[in-house]
Amino acid sequence: MQDRLNEIEKAALAALDQVDDPAALEAWRVTHLGRSSDLMEVFSGLGKLSKEERPVIGAAANRVKVALESALESRAGAVKEAALAKSLEEDELDVTLPGRNKHIGRLHPSTQQLRRVLSILAEMGFQVFTSREVETDEFNFQHLNFPPHHPARDMQDTFFIEAGERGDNPILMRTHTSPGQIRAMRHFAATNPQNPPPIRIALPGMCFRYEQITARSEVQFNQVEGLAVGRNITFADLKGTIADFVRRMFGEGARLRFRASYFPFTEPSAEVDVECFVCGGAGCQVCKNSGWLEILGCGMVHPNVLTAGGYDPKVYSGFAWGMGPERQLMLRNKVGDIRYFWGNDVRFLEQF
């Protein structure tokens, strides 16, 4: 049996030396290592051998199999290199053909719009202030006039990280950038507790809500919070600031409207709409056939929120807003579905 194995190995290696193309290489593999090969017949016959012969012949057969597989791998590399050399030598190569263009990375359209928004606000005198994405229930809700079990919490379905493990103050993914209002006010109030300085800041960042994904809403989205706190600030200051921002962002001819609304952390509150650029005000899927697209919610900072931030509501007043850069980008570029921004389709992203 060992003599037969030696003959199998010798014959297979001799045949392998004559192989010079991929098709012949595959045929050799089937003939010498396939199920019907002589080597496989040796493995099949091990059960008929005596207990003493079986381990000896089995080890010898395995050695031959490993040797043939190693030779096959080596020969495959040589055949591939020979085929490449032949192709380079015989095939024509047109050196005048243009090369392949390299794909150059660029900023995501949402990042571009976020920078555009912050650039406009900086021109208007707003300082950029950042805050954390992982928040506590206390800062995300309670300090913003959302007490536990308040029905307004249903407006913002929340991703909880440690729900129920920290009593009434679980850890969560922030549902809006408004918690940054409290952290910013406390930061500035700490510099002079008796006479806190005025504030005019913009707070950008990603927000997360467990919501139904539609053409107008996503589970994650950028938001830019605006906050101004000082003495004698009125709702007229808020309207003038937003109207100026809309003109700078969408052009002098942009139409906007204020609608009365409700937010627990502002009073009075309003929502601001811009005429839908996608349909020109005629009505479409993006604007829900209303002709208008909401770009932000706003209002005068609630006294309870000012108090939580370290500002006396009897002395100070302020306004705040939260706007969505992706919706503004939809308006500017007539994009019909907000899901395109996070779908990572290069064909869409390259247009920006």
- Task: Just need a number here: residues in segment 219-259 that are farther than 26 Å from A189 by Cβ and either in contact with a Pro (Cβ under 7 Å, 6 or more places away or on another chain) or not assigned by TED's automatic domain parsing to the domain that holds G343 (or both).
- Result: 1
- Message: Take the conditions over 18 Å from V134 (Cα atoms) and either of a type in the set (D, E) or at pLDDT 95 or above (or both) and apply them to M185. Does it pass?
- Response: yes
- Query: Hey, among the residues in segment 2-19 that are surrounded by 14 or more Cβ atoms within 10 Å (Cβ to Cβ) and touching a residue at least 40 places away in the same chain (Cβ under 8 Å), which one's nearest to E52 (Cα to Cα)?
  - Reply: L5
- Query: Say we look at segment 100-126 and pick out the residues that are modelled with pLDDT under 90 and among the basic types (K, R); which of these is nearest to W342 (Cα to Cα)?
  - Reply: R106
- Does P264 meet the test of being assigned by TED's automatic domain parsing to the domain that holds F221 and surrounded by fewer than 15 Cβ atoms within 10 Å (Cβ to Cβ)? no
- Query: Does segment 202-226 hold any residues that are aliphatic (A, V, I, L, M) and either without any contact (Cβ under 8 Å) to a residue 24 or more places away in the chain or crowded, with 21+ Cβ neighbours inside 10 Å (or both), and which are they?
  - Reply: A202, L203, V219, V224
- Task: Take the residues in segment 33-60 that are surrounded by 14 or more Cβ atoms within 10 Å (Cβ to Cβ) and in a loop (DSSP other than H, G, I, E, B), then tell me which one is modelled with the lowest pLDDT.
- Result: L49
- Restricting attention to segment 238-273, which residues are assigned to a helix (DSSP H, G or I), of a type in the set (A, V, I, L, M, F, W, C) and in contact (Cβ under 8 Å) with a residue 60 or more places away in the chain? L238, I242, F245, M249, F250
- Of all residues in segment 1-40, count the ones that are of a type outside the set (F, W, Y) and within 56 Å of the chain's Cα centre (by Cα). 26
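For (1) touching a strand residue (DSSP E or B) at 6+ places or on another chain (Cβ under 9 Å); (2) under 23 Å from P147 (Cβ atoms); (3) at pLDDT 95 or above; (4) of a type in the set (G, A, S), each residue gets a yes or a no:
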{"position": "C287", "(1), (2), (3), (4)": "yes, no, no, no"}
{"position": "G297", "(1), (2), (3), (4)": "yes, yes, no, yes"}
{"position": "L306", "(1), (2), (3), (4)": "yes, yes, yes, no"}
{"position": "R339", "(1), (2), (3), (4)": "no, no, no, no"}
{"position": "D345", "(1), (2), (3), (4)": "no, no, no, no"}
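The rows are residues; the columns are (1) assigned to a strand (DSSP E or B); (2) in contact with a helix residue (DSSP H, G or I) (Cβ under 6 Å, 6 or more places away or on another chain); (3) not assigned by TED's automatic domain parsing to the domain that holds A23.
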site: L68; (1), (2), (3): no, yes, no
site: K86; (1), (2), (3): no, no, no
site: V95; (1), (2), (3): no, no, yes
site: P98; (1), (2), (3): no, no, yes
site: G105; (1), (2), (3): no, no, yes
site: L114; (1), (2), (3): no, yes, yes
site: V117; (1), (2), (3): no, yes, yes
site: G125; (1), (2), (3): no, no, yes
site: T130; (1), (2), (3): no, no, yes
- Note on the structure: Residues of segment 145-163 being under 24 Å from L306 (Cβ atoms) and either at pLDDT below 70 or surrounded by 12 or more Cβ atoms within 10 Å (Cβ to Cβ) (or both), in sequence order, are N145, F146, P147, H150, A152, R153, M155, Q156
- Task: Considering only residues that are part of a loop (DSSP other than H, G, I, E, B) and of a type in the set (G, A, S), look in segment 282-311 and name the one that is surrounded by the fewest Cβ atoms within 10 Å (Cβ to Cβ).
- Result: A282
- Note on the structure: Residue hits (segment 1-29; in a helix (DSSP H, G or I) and under 14 Å from A76 (Cβ atoms)) are L16, P22, A23, A24, L25, E26, A27, W28, R29
- Item | From Q328, Q351, residue being crowded, with 22+ Cβ neighbours inside 10 Å and of a type in the set (S, T, N, Q) | Q328
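The values are calculated or read from the model by the stated rules, or taken from the named source; none is laboratory data. Since this is a predicted model, take the numbers as computed values, not measurements. Backbone-built Cβ (ideal geometry, glycine too); neighbour counts: all protein chains shown.
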